[in-house]
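All remarks here apply to the structure that follows.
The values are calculated or read from the model by the stated rules, or taken from the named source; none is laboratory data. No experiment lies behind these values; they were computed from the predicted model shown. Don't worry about glycine lacking a Cβ; one is built from the backbone with ideal geometry, like all the others, and counts go over all protein chains shown. Note: areas computed on protein heavy atoms with side chains; ligands, DNA, RNA excluded. Shrake-Rupley method; radii C 1.70, N 1.55, O 1.52, S 1.80 Å.
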Amino acid sequence: MSTGRSILTVDRLTKRFGGLVAVNDLSFEVREHEVMGLIGPNGSGKTTTMNLISGAFAPTSGTIHLEGRRLSGLGAHEVTRAGVSRTFQLVRVLPGLSLIDNVIAGAAFGHKRRWGGPAKEQAVRLLQRVGLGAQIGLPVSALTYIDQKRLELARALAGEPEVLLLDEWLAGLNPTELQEGIALISDLRREGRTIILVEHVMDAIRSLCDRCVVMNSGAKIAEGTPQAVLSDPEVIRAYLGDE
Amino acid sequence: MTAKGWKDLVLIGVLVLAAAFVPLVTDGYWLSIAVTAMMYIALTTAWTLFSGPTHYISLATGAFFGVGGYLVATGMSDHDLPFWLMAAIAPVVSVVLAALIGAATLRLSGIYFVIFTLGLAEMIRGLVSWVQNNFLGSRGLYVLTDFTEAHIYWMLLAIAATVYVIGWLIDRSRLGFAMKIIGNDEGVAKHLGIDTARAKVLLFMVTGFFSTLVGAIVAPRYSYIEPNQVFSPELSFMVVIMALLGGTQKLWGPIIGVIPFILIWETITASFPNATTLYLGLCFLAIVYFLPNGVVGLVQKIIAKGRSA
Ligand SMILES: Nc1ncnc2c1ncn2[C@@H]1O[C@H](COP(=O)(O)OP(=O)(O)O)[C@@H](O)[C@H]1O
Ligand SMILES: [Mg+2]
C-alpha cells in the first residue's frame, strides 16, 4: 500500500515555544493511501506536529506541502479546505448541536462541500458507519467518551479530506471498544484513505500502520515499518527512558 | 425544525401587525414610551444577531447609533442635505467602521473585545466633540423634520421587522450555521474550514448597519443633537442588559427583555433621576447573576423540567 506517490511533504519543520523546541527539524513524507504512524513518548512533539499540519500553529521554520500546494503559513480553515481534516487528542465535539449537525459541520465548509439534503444524507450514513446509528436522536451530552470520539471521526470524514489526522483517537477505550476502533480505522485504510495516526497502542500501530515515524524530544529518531522501528534500540531506549 | 422556523416567522408577522396599531390607540406619554421601546427592540435584535451566536459582548451600539444621529444632524444642519440622504449614508459609513473594528479586534477574544468596543464609542464621541468645537464651531445641530412620533415608531417597527427577517434568513444559511459552530468552539470551527474572522466581521457589519439606521431614524426625535448625547455609553449598556434579560439564544428574545425593562426603567428614572447609572449597574449584575440565559432560557428550563417530571 505504501507504494503510492507522496501526497504530504513535511520539510525541516521546527516549532519553538519560547525556549522549548517542541518540533525540531522534522522531515517526512506521507504517501497516498497509506496509514502513517507518528509515534514517540509523551511530550515528544506529536500533537504539535499535527497542530502545525492542521494550521492551528504556524511553524517557526520549515514547510508543509499538500500535493505541491504550500500549507505552512495558511490558516486552519484554509488547510481544511485544501484537504486536511483532524480529530483532537482531547475530543472536541460541538455540544450545542445535534449529532447530525455535528457531522454536517464537517461537510458544510470543508474540502468537498455539501449542504442541505445531501449533507444530511451523508451525515446519517457516516454516523451509521462509525457506529452511532442508534444514537442519532440523542443530544451530544448523552454520548459516552468513545461515542464522542466516533462523532468527531464522522465529522472529520464528512469533508472527504485528502489526508486525515487522528491524534490518539484510540486512547481511553476499553478492550472491546479498542477492537471496534481498530476495525473502523482499518476499514478506512482499506478504502484507500491517507491517514496520519498518532498512537500509543502498540497493537494498533502494528496492525494499522504501513510505516511509522518515531519522534523523541521533537526530532525524528527512526522511520520504517512498524516491526523495524519498534525493534530499533534507539526507539526502545526513548520509550523506556521516558517511563 | 423547519416547521417551527416558519411558525416563528408567522408569529413575528402577527406581532408586527399588532404593533403597527399602537400609534392609532395611544398618544402622548405612552406613545413616547412605545417609540423608545421600539427603538430598543430594533437595537437589541440587531445586537443579538452578532453577539447571540458569538457570545462577544459588544458595547459598540452607542458608537453606531451615534454615527447615525450625528451624521443626520451634521448633514442637515451644516450642509442642508436632506434627511433621507443622510439616513442612507450613515449606515454605509458604519458598515465600513464595523469592518475596520472587526478586522482590528475580532481576532482578540472575550474581554478585550468588550473593552475595545466600549473605548471606541468614547473615542468617537471625544473625536467628534473635538472636531465640532475646534473646527466647525460649536453651533448646535438641529434635525428639523415633519416626522411625528407615530412616523418614527412605524419606521423603527419596519427596521425591527427587517432585522428579524434577516436574522431568520441568516439562521437558515451556511453563515448562520458557521456562527453556531463558532459559538460552540471557535478553534474547532476553524478546523472545519470556517473563516471565523470573516464570518464574525460580516455579522458585525450587519449589526452596525442597523444600529446606525436606528440612530438616524431616531435623530428627529431629539431635534437638537450634540455628540455627548448620541454617542452614549449608557445606550450600549441598556442594549446589552435588555438582550441578556430576554435571552440571546433566540432572535425574539429581545422583545421579551425590552418591554418589561423599559417600563421598569421609566419608573427608576422618574423616581431616582440622579442615580440612574447606579441602577443600570445593579440591573446588569442582577441579570447576569440570576438570569444567565435570560427569560427565554429560564422558561425553556422550566418547560424542560416539566417534561422530565
Ligand atoms: N501551546 C503550547 N505552548 C507551549 N508549549 C507547548 C504547547 N504545546 C505543546 N507544548 C510543549 O511541546 C512539547 C511537545 O508536546 P506535544 O506535541 O503535545 O507532545 P506529544 O503529543 O508527543 O505528547 C511538550 O513539552 C509540551 O509541553
Ligand atoms: Mg499528544
**OP:** Select from the stretch A:117-132 the residues that are open to solvent by less than 10 Å² (accessible area, probe 1.4 Å) and within 12 Å of chain B (Cβ to nearest Cβ) and list them in ascending order.
**Re:** A:119
Subject >> Unique residue being out of contact with any Asp or Glu (no Cβ under 9 Å at 6 or more places or on another chain), over 18 Å from residue B:60 (Cβ atoms) and away from chain A (no Cβ under 14 Å) when the list is B:260, B:254 >> reply: B:260
Original post:
Filtering the stretch A:87-97 down to residues that are at pLDDT below 95 and more than 9 Å from chain B (Cβ to nearest Cβ), which residue is surrounded by the most Cβ atoms within 10 Å (Cβ to Cβ)?
Top reply: A:91
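In the list A:220, A:149, which residue meets the criterion of being open to solvent by 10 Å² or more (accessible area, probe 1.4 Å), in contact with a Phe, Trp or Tyr (Cβ under 8 Å, 6 or more places away or on another chain) and touching a residue at least 40 places away in the same chain (Cβ under 8 Å)? Give the derivation first.
Values: A:149 fails: open to solvent by 10 Å² or more (accessible area, probe 1.4 Å).
Checking each option against the conditions leaves just A:220.
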Original post:
Are there any pairs, at least 6 apart or on different chains, whose C-beta atoms fall under 6 Å, with the first in the stretch A:105-119 and touching a residue at least 24 places away in the same chain (Cβ under 8 Å) and under 14 Å from residue A:154 (Cβ atoms) and the second open to solvent by 40 Å² or more (accessible area, probe 1.4 Å) and outside any loop (DSSP other than H, G, I, E, B), and if so, which?
Top reply: none
Original post:
Before we move on, is residue A:165 within 23 Å of residue A:114 (Cα to Cα), in contact with a helix residue (DSSP H, G or I) (Cβ under 8 Å, 6 or more places away or on another chain) and within 14 Å of ligand 2 (Cβ to nearest atom)?
Top reply: yes
Original post:
Looking at residue B:174, is it open to solvent by 20 Å² or more (accessible area, probe 1.4 Å), on the phi < 0 side of the Ramachandran plot, out of contact with any Leu (no Cβ under 7 Å at 6 or more places or on another chain) and within 14 Å of chain A (Cβ to nearest Cβ)?
Top reply: yes
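Condition check ((1) more than 16 Å from residue B:172 (Cα to Cα); (2) more than 8 Å from every other protein chain (Cβ to nearest Cβ); (3) open to solvent by 40 Å² or more (accessible area, probe 1.4 Å)) across all residues:
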residue: A:99; (1), (2), (3): yes, yes, no
residue: A:109; (1), (2), (3): no, no, no
residue: A:115; (1), (2), (3): no, no, yes
residue: A:134; (1), (2), (3): yes, yes, yes
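Of everything in the stretch B:209-243 that's in contact with an Asp or Glu (Cβ under 8 Å, 6 or more places away or on another chain) and under 19 Å from residue B:119 (Cβ atoms), which residue is least open to solvent (accessible area, probe 1.4 Å)?
Top of the filtered list is B:231.
Determine whether the stretch A:71-85 contains at least one residue that is of a type in the set (D, E, K, R), part of a strand (DSSP E or B) and within 14 Å of chain B (Cβ to nearest Cβ).
If we filter the stretch A:71-85 for residues that are of a type in the set (D, E, K, R), which is where we start, we get A:78, A:81.
When the remaining residues are screened for being part of a strand (DSSP E or B), the result is none.
No: the stretch A:71-85 contains no residue that is of a type in the set (D, E, K, R), part of a strand (DSSP E or B) and within 14 Å of chain B (Cβ to nearest Cβ).
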Subject >> So residue B:127, is it surrounded by 14 or more Cβ atoms within 10 Å (Cβ to Cβ) and of a type in the set (A, V, I, L, M) >> reply: no
Original post:
In the stretch A:86-97, is there at least one residue being within 16 Å of ligand 1 (Cβ to nearest atom), out of contact with any strand residue (DSSP E or B) (no Cβ under 9 Å at 6 or more places or on another chain) and basic (Lys, Arg)?
Top reply: yes
Subject >> Which listed residue is under 30 Å from residue A:85 (Cβ atoms) and of a type in the set (Ser, Thr, Tyr), from B:248, B:267, B:277, B:196 >> reply: B:196
Subject >> Count - residues of the stretch A:25-43 that are over 14 Å from the mean Cα position of the chain (by Cα), within 15 Å of ligand 1 (Cβ to nearest atom) and at pLDDT 95 or above >> reply: 3
**OP:** Check residue A:59 against each of (1) more than 16 Å from ligand 1 (Cβ to nearest atom); (2) on the phi < 0 side of the Ramachandran plot and name the one condition it does not meet.
**Re:** (1)
Original post:
If you go through the stretch B:184-195 one residue at a time, how many are more than 7 Å from chain A (Cβ to nearest Cβ) and open to solvent by less than 20 Å² (accessible area, probe 1.4 Å)?
Top reply: 1
Original post:
Of B:302, B:287, B:268, which residue is open to solvent by 90 Å² or more (accessible area, probe 1.4 Å) and either in a helix (DSSP H, G or I) or of a type in the set (A, V, I, L, M) (or both)?
Top reply: B:302
Original post:
Pairs, please: C-beta under 8 Å, at least 6 apart or cross-chain, first residue in contact (Cβ under 8 Å) with a residue 40 or more places away in the chain and in the stretch A:38-57, second near ligand 1 (Cβ under 7 Å from one of its atoms) and of a type in the set (Lys, Arg)?
Top reply: A:38/A:46; A:39/A:46; A:40/A:46
**OP:** Hey, could you check the stretch A:8-24 for residues that are within 15 Å of ligand 1 (Cβ to nearest atom) and not hydrophobic (A, V, I, L, M, F, W, C) and say which is most open to solvent (accessible area, probe 1.4 Å)?
**Re:** A:16
Original post:
Of all residues in the stretch A:30-61 being within 13 Å of ligand 2 (Cβ to nearest atom), more than 14 Å from chain B (Cβ to nearest Cβ) and hydroxyl-bearing (Ser, Thr, Tyr), which is most open to solvent (accessible area, probe 1.4 Å)?
Top reply: A:48
